[in-house]
Structure formats: C-alpha cells, structure tokens
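To start, the structure itself, in structure tokens.
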Amino acid sequence: MPIFDLGARLLRQLPAETAHNATLTLAGAMTPFLPQPGPADPRLAVRAFGLDFPNPIGLAAGFDKNAQVPDAMARFGFGFVECGTVTPRPQDGNPRPRLFRLSEDRAVINRMGFNNGGMVLAARNLKARTGSYAKGSGGIVGINIGANKDSADRIADYALCFGELAGLADYVTVNVSSPNTPGLRGLQGKDELTRLLGTLTEARSKGIRKPILLKIAPDLDDAALDEIAEVVKASAIEGLIVSNTTIARPALRSANAGQTGGLSGKPLLAPSTRILGEMHRRLNGAVTLVGVGGIASGEDAYAKIRAGASLVQLYTALVYDGPGLVARIQRELSVCLARDGFANVTDAVGR
Ligand SMILES: Cc1cc2nc3c(=O)[nH]c(=O)nc-3n(C[C@H](O)[C@H](O)[C@H](O)COP(=O)(O)O)c2cc1C
C-alpha cells in the first residue's frame with residue numbers, strides 16, 4: 001500500500017513520539033476502511049501453542065500499548081499483534097523526550113517507561129474490538145503485561161493484569177525485560193522468575209487457560225541464560241520471546257546514540273538472534289520461541305527462524321519502512337523457504 005508508505009515518510013518529519021501518536025489515531029480512524037489482507041502464502045501458516053497463525057510476522061509490544069488498534073494492524077498483514085505493556089494502574093512513564101530516532105543506524109532508542117492507561121482501559125479496548133473477540137473474527141492478539149514502577153509487590157501486579165486481561169486475548173506475554181523500569185530485569189533471576197511463573201501458571205490452572213510467554217532481554221550472560229532455561233523448562237509456560245531492547249551500545253553513527261534507554265532496530269539484529277540461538281540450544285524444543293530484534297526483511301525473519309524461532313515480531317523497521325514492509329517480508333520469506341527447499345516455516349525452524 002504505497003499511500004501508507006508515503007504517509008510513513010511524512011510522519012518521519014515529526015518528532016518521534018508525536019508521529020507515533022498520530023499513527024495510532026490514523027490507524028484507529030481507518031480501521032473500518034482498511035481492506036482485509038489477502039490470504040497469506042499457505043507455506044507461511046504456523047501452528048503454535050494451540051493457535052493457528054496465518055503468517056509468522058507479528059507486531060511487537062510497545063506500538064499499541066493500550067490495545068487501541070490491533071485490528072487495524074492485522075489488516076496491514078501482521079499474522080498477530082501483541083498489545084501492551086499494560087500495568088495494573090495507569091502511569092505516565094518518563095518525562096519527554098523519551099523516544100529517539102537513530103536514522104543513520106536504522107535504529108531507535110526509547111525510555112518510555114511503561115506509559116500506559118492501565119489494565120482497565122486495555123480491557124475496555126479489547127472488549128470493544130471490531131468484530132468482537134468472542135466471535136473469533138479478529139486476528140490473533142496477545143497482551144503483554146508488566147508491573148507499575150512504584151509497585152510494592154511486582155509479582156502481584158502481573159497476577160492482577162493476568163486476571164483482568166487473559167480472557168480478552170489469545171495469549172499473554174510476561175515482560176520482565178524492559179530496561180526502563182528500574183529493577184524490572186531483576187525478575188529474570190532464578191528465584192524471582194520461578195515465583196513469578198509459578199504464580200501465573202497457578203492462576204491459570206484455576207481460571208483462564210491461555211498460553212503464557214516470557215519475554216527476555218538480550219543483555220544476559222551464559223550463566224543467566226542457563227538459569228532462565230532451567231526455570232522455563234521446569235515451568236508450565238508455552239513460549240519465550242527473545243528479545244527486548246538492549247542497553248548495550250554497539251558502534252552507532254547517529255547523533256542520538258548517547259541517549260539513555262533501550263536500543264532497537266538493525267544494530268539489535270545480530271545480538272538478539274545470537275541469544276535466540278543460545279536459548280534454542282538450551283531449550284531444545286521445550287517451548288515455542290518467538291524471535292524479535294532488528295527484523296527489516298524476509299532474510300532477517302528467516303535468520304531468526306533458522307536460529308529456532310517459530311514466530312517473529314518487529315517494531316522499529318515499521319518506523320523507517322512503513323506498513324508496506326509487512327507484505328514485503330512475507331513475500332521475501334516465501335522466496336527464502338522455496339530457495340532452500342523447505343515446504344513451510346515450521347520445517348525451517350532451527351535448521
Ligand atoms: C518505542 C518502543 C516501545 C517499546 N515498548 C515495549 C513494551 O512496552 N513492552 C515490551 O515488551 N517491549 C517493548 N518494546 C520492545 C519491542 O517490543 C521489541 O522487543 C524491540 O523493539 C526489538 O524489536 P525491533 O528491533 O523490531 O524494534 C518497545 C520498543 C520500542 C521501540
């Protein structure tokens with residue numbers, strides 16, 4: 001849809017967060033007028049944690065924090081859309097500016113700090129989805145949950161969000177990897193993570209039976225990866241998302257390179273794919289892997305799949321390439337599979 005790619009180019013003239021908010025407003029207003037995407041190449045269909053994904057390209061968390069526009073984004077061709085991160089109570093996030101383009105690096109640095117309208121607003125938006133979730137007519141929507149910055153009991157925050165939102169989405173992502181909520185990444189440690197995943201899987205066994213995925217950081221050493229793999233294998237969760245943004249600063253050329261926050265986009269592709277491969281080796285098929293970080297082409301998505309991902313997600317490349325990117329990645333991925341003699345995505349996972 002070239003008109004939308006032109007729109008994306010115009011939006012890049014605005015400050016980053018203003019452009020983002022305008023995009024959400026436009027997408028919301030356009031939802032009823034956007035055509036349903038044509039059927040994806042059947043070789044791209046993936047079945048994972050009990051859900052049928054029309055294609056493996058998802059929209060990563062952080063774009064639609066309050067679940068305002070999942071159906072509009074599905075119409076741009078995403079095989080699934082992850083909303084959030086949502087916290088129990090609304091919170092403003094960090095002072096602006098907090099979102100920075102690094103155009104020369106095809107990257108972004110953000111220190112948003114879980115700005116969101118809280119779980120009650122997200123629930124209301126999910127309930128109001130066009131076509132209604134209950135009728136099953138929308139695309140696959142995940143909800144990504146987190147903790148308030150000033151929470152006295154962060155694990156209780158995840159349980160609250162799970163209770164409020166799990167019934168309104170197809171899967172739930174437990175985000176313990178944002179670098180912008182001080183101390184949050186500490187939940188990736190063995191004891192805390194065991195307690196967190198235990199609390200959520202127990203809540204699930206008594207109520208809403210939805211797949212649970214854990215989203216981790218790329219800034220983890222071998223010992224930390226070992227521990228996470230051990231906890232995940234011992235838990236009853238279904239998936240692992242690798243990865244969130246990085247606090248590392250590889251060589252960057254843009255003026256904004258020194259900003260504090262999480263780096264995403266092209267410079268994250270190689271390190272996040274390496275961690276994905278490390279977790280694939282450690283988990284050996286115990287859970288479904290979702291590869292995120294720096295995807296901007298079919299080859300990039302294919303690299304994640306070969307490293308062990310059954311599904312992939314992206315966000316930053318949309319800022320630079322516009323929504324036409326989603327259909328292009330699908331086409332390129334089909335070419336990669338055919339070139340290497342794979343009958344479908346699943347056959348290429350981890351190969
Ligand atoms: C502006 C911005 C906000 C984000 N907010 C969230 C968030 O709320 N929760 C989360 O799990 N990840 C968040 N992310 C991380 C993305 O979901 C993704 O893991 C990361 O950006 C790497 O993918 P990419 O290189 O394709 O952007 C955010 C990323 C960006 C750029």
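The values are calculated or read from the model by the stated rules, or taken from the named source; none is laboratory data. Note that this is a predicted model, so its numbers are computed, not measured. Positions of Cβ are backbone-derived with ideal geometry, glycine not excepted, and every protein chain shown enters the neighbour counts. Side chains are part of the model used for accessible areas, which takes the heavy atoms of the whole protein and leaves out ligands, DNA and RNA. Shrake-Rupley method; radii C 1.70, N 1.55, O 1.52, S 1.80 Å.
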- Note on the structure: So the carbon and sulfur contribution to the accessible area of the chain, 1.4 Å probe, in percent, is 55 percent
- Item | Whether the range 16-93 is rounded, prolate or oblate, judged on the alpha carbon gyration tensor where a/c under 1.5 counts as rounded | oblate
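Taking the solvent-accessible surface of protein heavy atoms with a 1.4 Å probe, what is the per residue accessible area of the chain in Å²? It would help to have the intermediate numbers written out before the result.
Values: 14160 Å² over 351 residues.
Roughly 40 Å² per residue, with all protein chains present.
How many percent of all Cα-Cα pairs in the chain sit more than 31 Å apart? Walk me through the intermediate numbers first.
On the way: 15868 of 61425 pairs.
In whole percent, the share of Cα-Cα pairs in the chain beyond 31 Å is 26.
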- Note on the structure: Taking Lys and Arg as +1 and Asp and Glu as -1, residues besides Lys266 with C-beta under 13 Å from its C-beta add up to -2
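Provide the net charge surrounding Val81, with neighbours chosen by a C-beta distance below 13 Å and charges set as Lys +1, Arg +1, Asp -1, Glu -1. Walk me through the intermediate numbers first.
On the way: positive: Lys65, Arg75, Arg129; negative: Asp64, Asp71, Glu82, Asp170.
So the environment of Val81 carries a net charge of -1.
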- Query: Under a Cβ-Cβ cut-off of 11 Å, what is the net charge of the residues other than Ala255 that fall near it, where Lys and Arg count +1 and Asp and Glu count -1?
  - Reply: 0
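Just the number, please: percent antiparallel of the DSSP beta bridges in the range 200-328, rounded to the nearest 5. Show your work: numbers first, answer last.
On the way: 1 of 12 bridges.
Roughly 10 percent of the DSSP beta bridges within the range 200-328 come out antiparallel.
Determine the shape class of the range 275-351: with a ≥ b ≥ c the square roots of the Cα gyration tensor eigenvalues, call it rounded for a/c under 1.5, and otherwise prolate if a/b is greater than b/c, oblate otherwise.
Details: a/c = 2.66, a/b = 1.34, b/c = 1.98.
Note, shape of the range 275-351 comes out oblate.
What number, rounded to the nearest 500 deg cm²/dmol, is the helix-based mean residue ellipticity at 222 nm of the chain, given -39500 (n - 2.57) per DSSP H run of at least four residues and division by all its residues?
When only DSSP H runs of four or more count, the value is -11500 deg cm²/dmol.
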- Applying the span-like rule to the chain (DSSP H, Cα extent along axis at least 15 Å, Kyte-Doolittle mean at least -0.5) gives 16-30, 154-165, 222-234, 266-283, 324-339
- Query: How large is ³J(HN,Hα) for each residue in the range 84-93, as worked out from phi by the Karplus curve 6.51 cos²θ - 1.76 cosθ + 1.60 (θ = phi - 60°), to whole Hz, x for Gly and Pro?
  - Reply: x, 6, 10, 10, x, 9, x, 8, 6, x
- So which residue, out of Arg89, Arg339, Arg75, gets the largest mean-square fluctuation from a GNM of the chain using Cα contacts under 10 Å as springs? Arg339
